[in-house]
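Q: Encoded as structure tokens, here's the structure I'll be asking about.
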Amino acid sequence: QVQLVESGGGLVQPGGSLRLSCAASGFTFSSYAMSWYRQASGKQRELVATFTSGGGTNYANSVKGRFTISRDNAKNTVYLQMNSLKPEDTAVYYCNAVYTITNYWGQGTQVTVSS
């Protein structure tokens with residue numbers, strides 16, 4: 001069965017770093033466009049980082065220069081390296097996989113940035 005399992009979230013102080021992982025199984029990972037989204041309490045889910053169709057990457061303006069998305073097709077895993085974290089980065093972070101009309105979501109991992 002299809003699974004996207006996020007890990008690596010937690011509580012971190014402002015200015016700190018976290019690395020999120022999303023382990024995929026049950027589908028052909030290398031064929032899917034992978035992205036990270038987040039949803040803060042009381043707000044809509046928003047795109048944080050994604051791979052473009054040309055093989056590049058795209059980021060929300062609020063995280064540019066601080067976050068880096070990467071993927072390892074051999075491990076069926078996508079990562080989100082988050083540096084210089086701010087309190088406004090506090091949210092549940094979700095992994096997303098898309099191929100044509102097929103769209104999968106993970107269960108999310110909580111990231112809390114607080115002193």
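Q: I'm trying to understand the selection: among the residues of the range 93-115, which are within 15 Å of Glu46 (Cα to Cα) and among the hydroxyl-bearing types (Ser, Thr, Tyr)?
A: Passing the criteria: Tyr93, Tyr94, Thr109.
Q: What number of residues in the range 73-85 are over 16 Å from Ser7 (Cβ atoms) and surrounded by 13 or more Cβ atoms within 10 Å (Cβ to Cβ)?
A: Narrowing the range 73-85 to residues over 16 Å from Ser7 (Cβ atoms): 73-74, 83-85.
After this cut, where a residue has to be surrounded by 13 or more Cβ atoms within 10 Å (Cβ to Cβ) as well, the list is 73, 83-85.
Residues in the range 73-85 being over 16 Å from Ser7 (Cβ atoms) and surrounded by 13 or more Cβ atoms within 10 Å (Cβ to Cβ): 4 in total.
Q: Picking from Val2, Val48, Val63, which residue would you name as being at pLDDT below 95 and farther than 14 Å from Gln110 by Cβ? Write out each step before concluding.
A: Numbers: Val48 fails: at pLDDT below 95; Val63 fails: at pLDDT below 95.
Going through Val2, Val48, Val63 in turn, the sole match is Val2.
Q: Please find, within the range 16-31, the residue that is most open to solvent (accessible area, probe 1.4 Å) out of those that are touching a Phe, Trp or Tyr at 6+ places or on another chain (Cβ under 9 Å) and not aliphatic (A, V, I, L, M).
A: Arg19
Q: Got a sec? Which of Ser114, Ser70 is at pLDDT 95 or above, over 17 Å from Gln1 (Cα atoms), in contact with a Phe, Trp or Tyr (Cβ under 6 Å, 6 or more places away or on another chain) and open to solvent by 40 Å² or more (accessible area, probe 1.4 Å)? Working first, answer last.
A: Details: Ser114 fails: in contact with a Phe, Trp or Tyr (Cβ under 6 Å, 6 or more places away or on another chain).
Of the residues listed, the single one that is at pLDDT 95 or above, over 17 Å from Gln1 (Cα atoms), in contact with a Phe, Trp or Tyr (Cβ under 6 Å, 6 or more places away or on another chain) and open to solvent by 40 Å² or more (accessible area, probe 1.4 Å) is Ser70.
Q: Also, I was wondering about something else. Within the set of pairs 6 or more residues apart or between chains, which connect a residue that is in contact (Cβ under 8 Å) with a residue 12 or more places away in the chain inside the range 50-75 to a residue that is assigned to a loop (DSSP other than H, G, I, E, B) and surrounded by 15 or more Cβ atoms within 10 Å (Cβ to Cβ) with Cβ atoms less than 8 Å apart?
A: What qualifies is Arg66/Leu85.
The values are calculated or read from the model by the stated rules, or taken from the named source; none is laboratory data. Since the structure is predicted, the reported quantities are computational estimates derived from the model, not experimental observations. Virtual Cβ from ideal backbone geometry, glycine too; neighbours counted across all protein chains shown. Each accessible area value is taken on the protein alone, full model and side chains, heavy atoms only, with ligands, DNA and RNA left out. Shrake-Rupley method; radii C 1.70, N 1.55, O 1.52, S 1.80 Å.
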